[in-house]
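The next block holds one structure in the form of structure tokens; read it before the comments.
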Amino acid sequence: MDNIKAIIFDLDGVLVNTAKYHYLAWKRLAKELNIDFTIEDNERLKGVSRMKSLDIILEIGNITLDDDTKNELAQKKNAWYVEYISKLTPADILPGVIVFLKSIKANGIKIALGSASKNSMLILTKLKLKDYFDAIIDGTKVSKAKPDPEVFLKGALELNVLPCQCIVFEDAQAGIDAAINGGMLAIGIGSKDILKKANLVLPGFSNIIFDNLEL
Ligand code: BG6
Ligand code: MG
């Protein structure tokens with residue numbers, strides 16, 4: 001742990017449980033398209049971009065659509081999603097996150113966000129979390145979706161640290177792969193059965209401080 005200089009956090013499903021709202025909005029869209037979309041299928045959507053998520057749903061339903069229609073559907077899903085998250089407040093930050101963030105800062109470690117979401121800024125503002133971050137890389141700044149490591153490598157670059165000096169916290173398989181592909185340590189938030197490749201998996205941040213992390 002001595003060489004660790006930065007921690008990069010995914011947003012949805014790690015700092016706040018917006019993953020459930022993404023699922024609800026996609027499920028609503030899938031229903032309109034008569035596609036049977038399950039919570040198991042939803043694991044494939046975690047961490048990947050809006051358009052790639054739509055492509056996965058259409059693939060499940062065996063449906064091919066032109067780009068204009070796909071853009072309309074993606075916008076529709078996003079409008080529902082934004083409506084669902086409109087009531088987010090700091091009380092929605094997941095348990096233990098603030099204490100953990102403070103313990104990182106107290107150790108002189110930098111903090112970055114590495115999220116595929118174009119709604120990241122909106123969410124961080126609602127949660128009043130923005131000031132904790134030394135760098136924010138979100139869906140508006142990247143062109144390659146996780147498992148490509150672009151989002152995390154850009155974070156490391158902006159913080160002026162090496163990939164091997166970073167730990168990534170992720171709730172998505174694609175995100176764990178992205179961290180590993182970028183040469184970073186990956187800590188999964190969730191279940192070991194799903195996040196098999198992570199260096200460590202924690203159920204959440206309750207009772208976790210930086211000083212006690214063991215990798
Ligand atoms: C990721 C989520 O953080 O952001 C994905 O895990 C989501 O489920 C992606 O598709 C893009 O989010 P948005 O808010 O730009 O549609
Ligand atoms: Mg996530």
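Given the residues Ile39, Ile98, Ile56, Ile35, which is the only one that is without any contact (Cβ under 8 Å) to a residue 12 or more places away in the chain and not aromatic (Phe, Trp, Tyr)?
None of the others qualify; the one that does is Ile98.
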Quiz item: Of all residues in segment 102-136 being among the charged types (D, E, K, R) and either at positive phi or in a loop (DSSP other than H, G, I, E, B) (or both), which is most open to solvent (accessible area, probe 1.4 Å)?
Solution: Lys128
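Okay, residues lined up against (1) open to solvent by less than 10 Å² (accessible area, probe 1.4 Å); (2) under 14 Å from the mean Cα position of the chain (by Cα); (3) on the phi > 0 side of the Ramachandran plot:
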| residue | (1), (2), (3) |
| --- | --- |
| Asp138 | yes, yes, no |
| Val142 | no, yes, no |
| Pro149 | no, yes, no |
| Phe152 | yes, yes, no |
| Ala156 | yes, no, no |
| Leu159 | yes, no, no |
| Pro163 | no, no, no |
| Cys166 | yes, no, no |
| Ala174 | no, yes, no |
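I'd like to check something: does segment 73-87 contain any residue that is closer than 26 Å to Ala156 by Cα and in contact with a helix residue (DSSP H, G or I) (Cβ under 6 Å, 6 or more places away or on another chain)?
No, the conditions are met nowhere in segment 73-87.
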Quiz item: Is one or more of the residues making up segment 22-42 within 16 Å of ligand 1 (Cβ to nearest atom), open to solvent by 20 Å² or more (accessible area, probe 1.4 Å), in a loop (DSSP other than H, G, I, E, B) and over 20 Å from Gly204 (Cα atoms)?
Solution: yes
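The values are calculated or read from the model by the stated rules, or taken from the named source; none is laboratory data. Predicted model, so just to flag it, every value in this text is computed and none were measured. Here Cβ is always computed from backbone atoms with ideal geometry, including for glycine, and neighbour counts include all displayed protein chains. For the accessible areas, the whole protein counts, side chains as well, though only heavy atoms, and no ligand, DNA or RNA atoms are used. Shrake-Rupley method; radii C 1.70, N 1.55, O 1.52, S 1.80 Å.
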